[in-house]
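The values are calculated or read from the model by the stated rules, or taken from the named source; none is laboratory data. Quantities reported herein were computed from a predicted structural model and do not represent experimental measurements. For neighbour counting, all protein chains shown are included, and Cβ atoms are generated from backbone atoms with ideal geometry for every residue, glycine included.
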Amino acid sequence: MSNQPRVVKVLAALLISMTVGAFVLMALGNNPPSAGPFCLSAYYRLGSVDQVIQSKACQAPRRWNGIEIFFSGTKRGSLQQPAGAVDMSCHFVICNGVGAGDGEIQASEQWQKQWSIQPSRTWQGSDKTIRICLIGDGVNTLPTNYQLKRLETLLEALCRKFAISADSVYLPRDCQ
């Protein structure tokens, strides 16, 4: 029983520190601390990939059999604000934070209507190929960590949903 005053002091200090911590968090509200070297709060603000791959048109299980990823060839851009000579002949755009949120996946009207993309400057697939545009050029403007993580998540979701094998995913020459 000689430890009883010490236990009371420790419990009181714990209660005070938890109360102060709760007040600090309530004061911050929806404004998290600024991002450090890596901050998950910005990543989790992005929309769900499962919601992004939904479309207005019926999605038949065998509609798609391949995926092609290519770079936009620009430093910035999005579906709403294409920059320069961005090839917007794609089903999805993964933004790099310049023009739209870093890692933000935007579904095009072609995806919403489940339309095929007509061949353009780079083309590896057929009319059953899903095209994904990474904003950047792959040389001077490399993909961000968020872009790569979101690309991986998008590929997993599309391959799972449409039973696309890993052999049918075409990466840019710079990434192979």
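Quick notes on this one:
- Pick from region 31-68, criterion modelled with pLDDT of 65 or more and either farther than 26 Å from GLN110 by Cβ or acidic (Asp, Glu) (or both), ranking: farthest from the chain's Cα centre (by Cα): GLU68
- Pairs, first buried (at least 17 other Cβ atoms within 10 Å of the Cβ) in region 153-173, second in a helix (DSSP H, G or I), C-beta under 6 Å, six or more apart: THR153/VAL49; LEU154/VAL49
- Wholly within region 70-176, strands (runs of 3 or more DSSP E) carrying at least 2 residues that are at pLDDT below 85: none
- When region 89-103 is filtered for residues that are free of Cβ contacts under 8 Å to residues at least 60 places away in the same chain and buried (at least 24 other Cβ atoms within 10 Å of the Cβ), the ones remaining, listed by number, are CYS90, HIS91, VAL93, CYS95, ASN96.
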